[in-house]
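Take a look at the structure below.
The values are calculated or read from the model by the stated rules, or taken from the named source; none is laboratory data. Keep in mind it's a predicted model, so treat the numbers as computed, not measured. Ideal geometry is used to build each Cβ from the backbone, glycine not excepted, and the neighbour counts take in all protein chains shown.
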Amino acid sequence: MQPILSDEEKTAAEWLYDVYPPYTTDKMSRDKWFHTVELVDLPGFPIDDSQLNHLKHIPNLSVLQISNTDSISLEGFRIIALLNNLKSISLYDKPVDDSVLDVLTESSQLESLKINASKLTSDGFAKLARLKHLRKLYLEQAIVLNDTDIAILESLPHLESVTITEAILVTPKSLDYFVKCPSLGLLEITGSPSLTVSMVNSFERLKRKSLSEGVSFQIVPPNEKTIYPEQDSALPPSNQ
């Protein structure tokens, strides 16, 4: 049965078809295609608040990726946060500050978040505690993230995957906090000058004691290759 679109949905469908045209070659009507859209990837040209309003009328939108946020105000980010079915947000260009993260974490159903964290403060990181359904967290250029900030992640019961890049302030103490994350299965940290192979091995053994399933951890110190704990014959033997 051909879907019937409201006037707002028709306008949103026309806009979306222009900025994110379908890849399929199937002969599908625009109206029918509109109801199949779950992922929207907005490319590098500027997106403003008025365009974001169209997202409210995409019924099955669950994954949103934006490459240029220069023209988005706080109200625009609030439009994103209030999208009822949204599960994943990825913002690829400029850093997110505390005020933006404060708004984005109003999206309590969010399961995946990817942001540039270079301008966040400890107050901003604390807002992550609102995301009780979060499963995947990617903090890019997290040059201001410290061990105390990481402690916030203990409060996220479903957090399974954490990736942190350029984590220059993260020390071995952070591993004490990560090991308390009940669902953590994948941890990737790059850029920390104080995390060593032996520390990562010890951390993995601690984590394996607390989980019944296998766990994967990868630490990339500056100017070194990725460390895969307990899987490389070149690593030092376990003390246990």
Test: residue in segment 66-74 that is in contact (Cβ under 8 Å) with a residue 24 or more places away in the chain, more than 18 Å from Glu140 (Cα to Cα) and charged (D, E, K, R) = no
Can you tell me which residue within segment 43-54, out of those that are over 17 Å from Pro21 (Cβ atoms) and outside any helix (DSSP H, G or I), is modelled with the highest pLDDT?
-> Asp48
Output the number of the condition that Glu140 fails; it satisfies all remaining conditions of (1) among the acidic types (Asp, Glu); (2) within 17 Å of the chain's Cα centre (by Cα); (3) modelled with pLDDT under 90.
-> (3)
Go through Leu83, Leu64, Leu42, Leu52 for me and flag whichever is more than 24 Å from Ala151 (Cβ to Cβ), hydrophobic (A, V, I, L, M, F, W, C) and surrounded by fewer than 20 Cβ atoms within 10 Å (Cβ to Cβ).
-> Leu83
Filter pass, Ile80 being in a loop (DSSP other than H, G, I, E, B) and hydrophobic (A, V, I, L, M, F, W, C) | no
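Yes/no per residue for (1) assigned by TED's automatic domain parsing to the domain that holds Ser90; (2) outside any loop (DSSP other than H, G, I, E, B); (3) more than 18 Å from Leu82 (Cβ to Cβ); (4) at pLDDT 80 or above:
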| site | (1), (2), (3), (4) |
| --- | --- |
| Tyr17 | yes, yes, yes, yes |
| Pro22 | yes, no, yes, no |
| Asp26 | yes, no, yes, no |
| Trp33 | yes, yes, yes, yes |
| Thr36 | yes, no, yes, yes |
| Asp41 | yes, yes, yes, yes |
| Lys56 | yes, yes, no, yes |
Would you tally the residues in segment 156-168 being under 17 Å from Ile115 (Cβ atoms) and part of a loop (DSSP other than H, G, I, E, B)?
-> 5
Listed by first then second residue, the pairs whose first member lies in segment 169-193 and is modelled with pLDDT of 85 or more, whose partner is among the aromatic types (Phe, Trp, Tyr), with beta carbons under 7 Å and at least 6 positions apart or on separate chains, are Leu184/Phe178
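Do we find a residue being under 23 Å from Ile168 (Cα atoms), part of a loop (DSSP other than H, G, I, E, B) and not assigned by TED's automatic domain parsing to the domain that holds Glu160 anywhere in segment 66-77?
Checking segment 66-77: not a single residue is under 23 Å from Ile168 (Cα atoms), part of a loop (DSSP other than H, G, I, E, B) and not assigned by TED's automatic domain parsing to the domain that holds Glu160.
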